[in-house]
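Values quoted throughout were computed directly from the atomic coordinates according to the rules given, and no laboratory measurement underlies them. Since the model is a prediction, treat every value here as computed from it, not as a measurement. Ideal geometry is used to build each Cβ from the backbone, glycine not excepted, and the neighbour counts take in all protein chains shown.
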Amino acid sequence: MALLEINNLTKRFGGLVANDSVSAEVNEGEIVGLIGPNGAGKTTLFNCISGFYRPDGGSVVFEGKDITRFSADRICREGMARTFQIVKIFKDMTILENVMIGAFCRTASPERARQEALKTLEFVGLAEKRDIPGGSLTIAEKKRLELARVLATQPKLLMLDEAMAGLNPMETHEAVELLREINAQGITLIVVEHVMEAIMTISDRIVVLDYGRKIAEDVPQNIAVNEEVIKAYLGERYYARNK
C-alpha cells in the first residue's frame, strides 16, 4: 500500500479546471518531484492534498485513510506537512518561537515544544540565531525556518513548494543536501521545483503536470528525454544536453 494515493483528483475554479482527474501514488521513503509550467496546477494539487482546498472530485488517501474532507490542521496531525511557495513565517516572533508553533502540533507542554524546536533548529543550522526575529533572516534562512517549523510537527510526509526558488547555486546545493538528510531520517518528500538541476538530481520519480493534467510520470532520466514533457516544459536546450 502506498503512503499517499491521489485518485482522479479534480479542482475547478469557475470554468477553469486547475486539476483534471490527477492520479498518483507516493511510496514511503521516496522523494517524488512534481514539475510543470507556471499555471500547471502544482500548488493547487498541494492545496487539495493538504486540506487548504476541498477537491470537486476524486479522493486523497493517506496511510490507508481517506482524508479528502479533512481540515488542514487535522491532516497535519495525521502526519502530513507542507511549506508554501511564498515563505510564511511570523516576522516579529523569534526563530525559536516560530518553530515552537510547529512543535505544539504534538505537545501542549511549552518546555517540550521548546526542546523539540531547539533540536530542529540545530538540524537545519539555525540554532545560533534562535533568539532573533524571523523577519531579520535572509531568504535562504527564512526558507530553512519554515522548513524547521514543519519538521517540528514530526511529519511522515513533507510537501515542499519551491523550497529552492530565489537561492543562489551554493544555497541550492545546501538545500538539496538538507532534503537528502531529511529523507534519510525516514521522511517521505514531495517536492515542487523549477530548478531542474536540483529536482532531477534528488528525485526518485517525477510527476509532470500541464494544464492541470498529468502528462508523464517516470524516473528523472526518462522524464528528461520525454518528448511531451520537453514540449510542455523543459525545452529543446535541456533535451539536447541530456541526449
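Among Y211, Y53, a tally of other beta-carbon atoms within 10 Å of each Cβ gives an order, fewest to most, of Y211, Y53. Dipole check for segment 131-243: with +1 at the C-beta of Lys and Arg, -1 at the C-beta of Asp and Glu, and the Cα centre as origin, the magnitude is about 160 Debye. The angle separating the long axis of helix 169-184 from the principal Cα axis of greatest extent in the chain is about 80 degrees. Charging the Cβ of each Asp and Glu at -1 and of each Lys and Arg at +1, and nothing else, the dipole of segment 94-154 about its Cα centre rounds to 140 debye. Helical content of the chain, expressed as a calculated mean residue ellipticity at 222 nm, amounts to -10000 deg cm²/dmol (DSSP H runs of 4 or more residues, -39,500 (n - 2.57) each, divided by residue number, nearest 500). Farthest toward the positive end of the dipole of the chain, out of G79, A24, V191, is the Cα of G79, where the dipole comes from beta carbon charges about the Cα centre.
Among N222, N168, N19, which one shows the biggest mean-square fluctuation in a GNM of the chain, springs joining Cα atoms closer than 10 Å? Largest GNM mean-square fluctuation: N168.
Taking segment 15-33 and a reference point 7 angstrom along Cα→Cβ of R54, the backbone N atoms nearer than 20 Å belong to 15-22. The Rg/Rh ratio for segment 122-243 is 1.02, where Rg is the radius of gyration of the alpha carbons and Rh is the Kirkwood radius. Listed from fewest to most Cβ neighbours within 10 Å, the set L179, L45 follows the order L179, L45. On average over all directions, what projected area in square nanometres does segment 94-154 have, based on the convex hull of its Cα atoms? It is 3.3 nm². Take the residue pairs K11/K65; K42/K142; K11/K91; K65/K91 and return only those whose Cα atoms are more than 26 Å apart. As for pairs spanning more than 26 Å Cα to Cα, those are K11/K91; K65/K91.
Other residues within the sphere of radius under 15 Å centred on the Cβ of A24, judged by their own Cβ, net out at -4 (K and R +1, D and E -1).
Contact order, relative form, for segment 1-154: 21 percent (alpha carbon pairs under 8 Å, 6 or more residues apart, mean separation divided by residue count). Cα centroid separation, segment 159-175 to segment 108-143: 18 Å.
Simple rule: put +1 on each Lys or Arg Cβ and -1 on each Asp or Glu Cβ in the chain, find the dipole, and look at I206, F90, N168; the Cα lying farthest toward the positive end is F90. The equivalent ellipsoid that matches the C-alpha gyration tensor of the chain spans semi-axes of 30, 22, 15 angstrom, in descending order.
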